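K.L.:
My structure is below; once you've seen it, I'll send some questions.
The values are calculated or read from the model by the stated rules, or taken from the named source; none is laboratory data. Note that the structure is a prediction, hence the values are computed from the model and not measured. Positions of Cβ are generated from backbone atoms using ideal geometry, with glycine treated the same way; all protein chains shown enter the neighbour counts.
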Amino acid sequence: MAAPDAASSAESSGGFSSGFDGALTPGPRRAVIAVDLMRAYFDEESPLCLPSNDCLAGAAAVLASARAAGYPVFHTVVRFDDAEHGGVFLRKVPALRLLISPSPGETPSLGELMSQVAPIAGETVVVKQSASAFFGTDLADQLRAAEVDTVIIVGVSTSGCVRATAVDAVQHNFVPLVVREAVGDRDDAVQRSALYDLQAKYAEVVGLDAILGG
């Protein structure tokens, strides 16, 4: 896996003032966070289904590259024990009820990770109940224990859980790299806006070629 150069790989910050022109330099100790690549977002019968599954191919390529490089990989899923466990988030997005466990500890069918990006032996699955992979989990502690300095973020949705994870990553002092072709959202305009905002304030938005060393 190549080391993307922050200055050359970043999205343009466009109309933002010069106060938002900083760049983050990735470090050598990296991990991948694959955010919520569950059937709920790719199954046509799901109300949460995205209009395209193109990001799965990009995410799978990032995972393969990370594994070859020996970087740790963390997968996140959303799962609730019951409606009360989901709290306000579940009330705001009622479709997330599909991710309530049918019985304690059991994964709901739409909560299963897609086969293209399924974990392999030794990889960690982080169960969360909020947008960020960090909120209410021990992910930050696991990354620090592995001496990680940079997190490569793939997954869905760009404006939601990917964005929240990137924001929390930088707040935990990890350099976040969001891979443009490996994240997805429900609308192209929303996708562009989310990537624009992430690049300006919270992360380095990089192309797949920069991660794969193309």
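K.L.:
All but one of (1) crowded, with 16+ Cβ neighbours inside 10 Å; (2) β-branched (Val, Ile, Thr); (3) in a loop (DSSP other than H, G, I, E, B) hold for Thr76; state the number of the condition that does not hold.
P.N.:
(3)
K.L.:
Within segment 167-199, can you find the residues that are surrounded by fewer than 19 Cβ atoms within 10 Å (Cβ to Cβ), in contact (Cβ under 8 Å) with a residue 40 or more places away in the chain and among the basic types (Lys, Arg)?
P.N.:
Result: Arg186, single match.
K.L.:
Do we find that Val35 is buried (at least 20 other Cβ atoms within 10 Å of the Cβ), under 27 Å from Val170 (Cβ atoms), touching a Ser or Thr at 6+ places or on another chain (Cβ under 6 Å) and in contact (Cβ under 8 Å) with a residue 40 or more places away in the chain in this structure?
P.N.:
Yes, satisfied.
K.L.:
Same structure, new question: Could you grab me the full set of residues in segment 142-165 that are crowded, with 24+ Cβ neighbours inside 10 Å and among the charged types (D, E, K, R)?
P.N.:
Within segment 142-165, Arg163 is the sole residue that qualifies.
K.L.:
Then there is this: Scan Ala140, Ala169, Ala182, Ala121 and give me the residue that is out of contact with any Leu (no Cβ under 6 Å at 6 or more places or on another chain), assigned to a strand (DSSP E or B) and not β-branched (Val, Ile, Thr).
P.N.:
Ala182
K.L.:
Let me ask another. I'm checking my understanding of the structure. Among residues of segment 100-127 that are touching a residue at least 60 places away in the same chain (Cβ under 8 Å) and buried (at least 16 other Cβ atoms within 10 Å of the Cβ), which one is nearest to Gly86 (Cα to Cα)?
P.N.:
The residue in question is Gly111.
K.L.:
Still on this structure: Restricted to segment 42-73, and to residues that are over 15 Å from Val117 (Cβ atoms) and among the aliphatic types (A, V, I, L, M), which residue is surrounded by the most Cβ atoms within 10 Å (Cβ to Cβ)?
P.N.:
Leu48
K.L.:
Of everything in segment 1-55 that's aromatic (Phe, Trp, Tyr) and in a loop (DSSP other than H, G, I, E, B), which residue is modelled with the lowest pLDDT?
P.N.:
Pass one, segment 1-55, residues aromatic (Phe, Trp, Tyr): 16, 20, 41-42.
This time we only want the ones that are in a loop (DSSP other than H, G, I, E, B), so: 16, 42.
Working: Phe16: 60, Phe42: 98.
Once the filter is applied, the top-ranked residue is Phe16.
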